[in-house]
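The block underneath contains the structure these notes are about, expressed in structure tokens.
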Amino acid sequence: MADTGLDKELDALRADMTKLRGDLAGLAEAVKEAGGRKVEGARDSLSDLVEGLREELKSALDLARDRSKRSVESVEHTIEEKPFLSLLTAFGVGVLLGKLLDRR
């Protein structure tokens, strides 16, 4: 009789272990799905951030391009108005840079 009670308890324990394995497998799947959703959300957020930074960089590059174009046009205008003074200035800057770079 004691063996019958022990057998019943072992069977109940086996059934509980089988159910526990199933529950753990379900839990692992739920954690995996939740992690996948979080990764997907993070990927979307990162993608939006990168796109925003790309737009900011593009606008900054456009602004720099416009400013440099205006600066070049201003220098060209000044050179056209005062060519001799521009030539002397370029020569003086060249001599000064030559002296600075010649020092060892």
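When the expected Rg is taken as 2.2 N^0.38 Å, what fraction or multiple of it is the alpha-carbon Rg of region 2-102?
Numbers: Rg = 38.2 Å, N = 101, 2.2 N^0.38 = 12.7 Å.
Working it through for region 2-102, the quotient is 3.01.
So, R0 is 41 Å and r is the distance between the beta-carbons of T89 and E55; what FRET efficiency does that work out to, to 0.05? Can you show the working numbers first?
Working: r = 40 Å, r/R0 = 0.98.
With a Förster radius of 41 Å, E is 0.55.
Please give the net charge around E76, taking every other residue with its beta carbon less than 14 angstrom from that of E76, where Lys and Arg add +1 and Asp and Glu add -1. Don't skip to the end; give the middle numbers.
On the way: positive: K69, R70, K82; negative: E73, E80, E81.
Around E76, the surrounding residues sum to 0.
Show me the trypsin sites (Lys or Arg not before Pro) within region 37-73 that DSSP assigns to loop and that have at most 13 other Cβ atoms within 10 Å of their Cβ. Working shown, then result.
Numbers: sites: R37, K38, R43, R54, K58, R65, R67, K69, R70; in loops: none.
When the trypsin sites (Lys or Arg not before Pro) of region 37-73 are filtered for loop state and at most 13 Cβ neighbours within 10 Å, nothing remains.
Output ³J(HN,Hα) for region 12-18: one whole-Hz value per residue in order, computed from phi by the Karplus curve 6.51 cos²θ - 1.76 cosθ + 1.60 with θ = phi - 60°, and x for Gly and Pro.
5, 5, 4, 5, 5, 5, 5
With runs of 4+ DSSP H residues as the only contributors, calculate the mean residue ellipticity of the chain at 222 nm using -39,500 (n - 2.57) per run, divided by the residue total and rounded to the nearest 500.
-36000 deg cm²/dmol
Please count, across the chain, the pairs of lysine residues with Cα atoms under 21 Å apart that sit 8 or more places apart or on different chains.
Numbers: K8/K19; K19/K32; K58/K69; K69/K82.
Taking the Cα cut-off of 21 Å, the pair count is 4.
In a GNM of the chain with a 10 Å cut-off on Cα contacts, which of V75, V50, V93 has the highest mean-square fluctuation?
V93
Every number in this text was worked out from the coordinates using simple rules, so none of it is lab data. Since this is a predicted model, take the numbers as computed values, not measurements. Don't worry about glycine lacking a Cβ; one is built from the backbone with ideal geometry, like all the others, and counts go over all protein chains shown.
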